[in-house]
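Single-structure report; data block below.
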Amino acid sequence: MTVITQRFFPARLRWSLQKREALTFYLCVLPWFIGFLLFYLGPVLASFYFSLTKWDLITPPQFIGLDNYERIFTRDKYFLQAIKVTTIYTFTYVPLDLVFGLLIALLVNQRVRGVGIFRTIFYMPSVLAGVAYVVMWMWVFNPQAGLINGLLAYFGVQGPRWLLDPKWALPALIIMSLWGVGRTMVIYLAGLQDIPRELYESASIDGANAWSRFWNITLPLLTPSILFNLIFSIILTFQSFTNVYIATNGGPLDATLFYVLYLYRKAFEHLAMGYASALAWILFLIVLVCTLIIFTTSGKWVFYRGVEE
């Protein structure tokens, strides 16, 4: 094609065509680029500037340097509580989400009649509106008329106060969040269906049992899916807001004071936008460090089929 172009089109005309193609390309990219500057890069840079200021949305921002960060790390006890609660939630929920998602994916990956219906049933809760499912779970965890305590009372067991008890509020939120395990299941299911069945057949001929096939074939070939679910779940847990805001609003006794909820309070209840921006940047750095650590260590445990080490 290049030879034909050079033969039948003069150099000046070829240069004109190249400029026209380049101009067309830039015109097509321009709307995205403008949107990126206005709605992504611009707000990010603005938030960093505001994190160095004292701003209440009413008066002009007052530059105070790193005072917000110094106050966060040295004088803000609620910051430490928010970090503690969010960390406990993350390190508890993420492993449960990964394990339960894998177990359900293995179940719905069987070749049985009507399996598509079960896949839909398990996946549906993950796409329901956040407020609706939280309200439903608030009824389930109701100490007097809730479903769980009602079942426990049937067996003569006194149920806890769940969302009203500082010891049980966070575990209740973890159980509530596992309602959306279908999102993790779908990623696992895609990974399972990408594994060649010939590998299982060869392992069966060699005498491998079900556990050996799972440990030596399924799990290694699912590590890319595990990596994706791990990173995505960590990002989601650090950004948890809707369920805790509706169910407990950080209570009782700050037992469920999640990081993003504390950031929201500083921004929209206390009108401390500069302080909230500093909190947002700290959250960004925490998630960034966690993601980098996972990616750095992934080369030791993630196996990509067809890629030689």
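The values are calculated or read from the model by the stated rules, or taken from the named source; none is laboratory data. These numbers were taken from a predicted model, which means no experiment stands behind them. Here Cβ is always computed from backbone atoms with ideal geometry, including for glycine, and neighbour counts include all displayed protein chains.
For every residue, the table says whether it meets (1) in a helix (DSSP H, G or I); (2) surrounded by 15 or more Cβ atoms within 10 Å (Cβ to Cβ); (3) at pLDDT 95 or above.
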{"residue": "L253", "(1), (2), (3)": "no, no, no"}
{"residue": "V260", "(1), (2), (3)": "yes, yes, yes"}
{"residue": "L263", "(1), (2), (3)": "yes, yes, yes"}
{"residue": "G274", "(1), (2), (3)": "yes, yes, yes"}
{"residue": "L285", "(1), (2), (3)": "yes, no, yes"}
{"residue": "V289", "(1), (2), (3)": "yes, no, yes"}
Can you tell me how many residues within region 68-112 are farther than 15 Å from A280 by Cα, free of Cβ contacts under 8 Å to residues at least 24 places away in the same chain and in a helix (DSSP H, G or I)?
10
Taking W162, is it in contact (Cβ under 8 Å) with a residue 12 or more places away in the chain, under 27 Å from the mean Cα position of the chain (by Cα) and either exposed (fewer than 13 other Cβ atoms within 10 Å of the Cβ) or farther than 30 Å from L192 by Cβ (or both)?
yes
Test R197 against the stated conditions and say whether it is at pLDDT 90 or above and among the basic types (K, R).
no
Hey, can you tell me all the residues within region 117-143 that are more than 21 Å from A255 (Cα to Cα) and more than 25 Å from the chain's Cα centre (by Cα)?
I117
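Go through T223, T242 for me and flag whichever is within 25 Å of L261 (Cα to Cα), in contact (Cβ under 8 Å) with a residue 60 or more places away in the chain, assigned by TED's automatic domain parsing to the domain that holds L263 and hydroxyl-bearing (S, T, Y).
Values: T223 fails: within 25 Å of L261 (Cα to Cα).
The unique qualifying residue is T242.
Take I121 and tell me if it is modelled with pLDDT of 95 or more, in a helix (DSSP H, G or I), more than 19 Å from G191 (Cβ to Cβ) and of a type outside the set (K, R). Show your work before the answer.
Numbers: modelled with pLDDT of 95 or more: no; in a helix (DSSP H, G or I): yes; more than 19 Å from G191 (Cβ to Cβ): yes; of a type outside the set (K, R): yes.
No: the conditions fail for I121.
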Looking at (1) assigned to a helix (DSSP H, G or I); (2) touching a helix residue (DSSP H, G or I) at 6+ places or on another chain (Cβ under 8 Å), which is the only condition T297 fails?
(2)
